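Novice: Here it is, the structure in full.
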Amino acid sequence: MMDTAIMATNDDHEFVAFRVGSQEFCVDIMCVREIRGWTAATPLPHAPDFVRGVINLRGAVLPIVDLASRFGLPDTEPTPRSVIIVVQINKQVVGLLVDAVSDIFTTNGASWQATPEIASDVVKSMVGGIYALEGRMISLVILNSIIPTAEKVAA
């Protein structure tokens, strides 16, 4: 997986950090297509609970994943500060609903800490590591785990 490969190298990588509830997460900036303001999504019947629906992105249908819901946190109530981070996961483009983008930072793989062993298997499948930045703990999201293969068909 690309996310864990980052941790295995000493090369510098850039990351986009964002807030979901009271926690901070990040993704590799190379996976980010764009960051845009919140747009109400059209619900899809029988979609997984964490899929808010779809929006029209310049003529393309873009599924929107509520990351809070996906991580088992209370659903996000969109505000004017809420954003959609458009990312490429394998060959699919997906929008991630988050509370706000908080930072862009550069670091190398040696700076990351492994996800604690005490974490559940679900957490370990979605968080590739933790980075301490100026007193903040930022978890690296494993994008491949956001939409599991079986649920890609449903979305």
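The values are calculated or read from the model by the stated rules, or taken from the named source; none is laboratory data. Predicted model only: the values in this text are computed from it and were never measured. Neighbour counts run over all protein chains shown; Cβ positions are idealised from the backbone, glycine included.
Novice: Out of the residues in segment 30-50 that are surrounded by 15 or more Cβ atoms within 10 Å (Cβ to Cβ) and within 19 Å of GLY128 (Cα to Cα), which is modelled with the highest pLDDT?
Specialist: VAL32
Novice: Here is a follow-up. Can you pull out every residue in segment 77-92 that is in a strand (DSSP E or B) and within 14 Å of ASN144 (Cβ to Cβ)?
Specialist: Across segment 77-92, the qualifying residues are VAL87, GLN88, ILE89, GLN92.
Novice: Going by what's in this entry, would ASP103 be described as within 16 Å of PHE18 (Cβ to Cβ), touching a residue at least 12 places away in the same chain (Cβ under 8 Å), among the acidic types (Asp, Glu) and surrounded by fewer than 18 Cβ atoms within 10 Å (Cβ to Cβ)? I'd like the intermediate steps shown before the answer.
Specialist: Details: within 16 Å of PHE18 (Cβ to Cβ): yes; touching a residue at least 12 places away in the same chain (Cβ under 8 Å): yes; among the acidic types (Asp, Glu): yes; surrounded by fewer than 18 Cβ atoms within 10 Å (Cβ to Cβ): yes.
Yes.
Novice: Among the numbered criteria (1) surrounded by 15 or more Cβ atoms within 10 Å (Cβ to Cβ); (2) more than 14 Å from GLU24 (Cα to Cα); (3) among the charged types (D, E, K, R); (4) touching a strand residue (DSSP E or B) at 6+ places or on another chain (Cβ under 7 Å), which single criterion is violated by ARG70?
Specialist: Status for ARG70: all satisfied but (4).
Novice: Let me ask you something else. Consider LEU97 carefully, then state whether it is out of contact with any Lys or Arg (no Cβ under 8 Å at 6 or more places or on another chain) and either over 30 Å from LEU133 (Cα atoms) or buried (at least 16 other Cβ atoms within 10 Å of the Cβ) (or both). Working first, answer last.
Specialist: Numbers: out of contact with any Lys or Arg (no Cβ under 8 Å at 6 or more places or on another chain): no; either over 30 Å from LEU133 (Cα atoms) or buried (at least 16 other Cβ atoms within 10 Å of the Cβ) (or both): yes.
No.
Novice: Given GLY59, GLY53, which one is loosely packed, with under 11 Cβ neighbours inside 10 Å, without any contact (Cβ under 8 Å) to a residue 24 or more places away in the chain and more than 13 Å from ILE146 (Cα to Cα)?
Specialist: Values: GLY53 fails: loosely packed, with under 11 Cβ neighbours inside 10 Å.
So the residue among GLY59, GLY53 that is loosely packed, with under 11 Cβ neighbours inside 10 Å, without any contact (Cβ under 8 Å) to a residue 24 or more places away in the chain and more than 13 Å from ILE146 (Cα to Cα) is GLY59.
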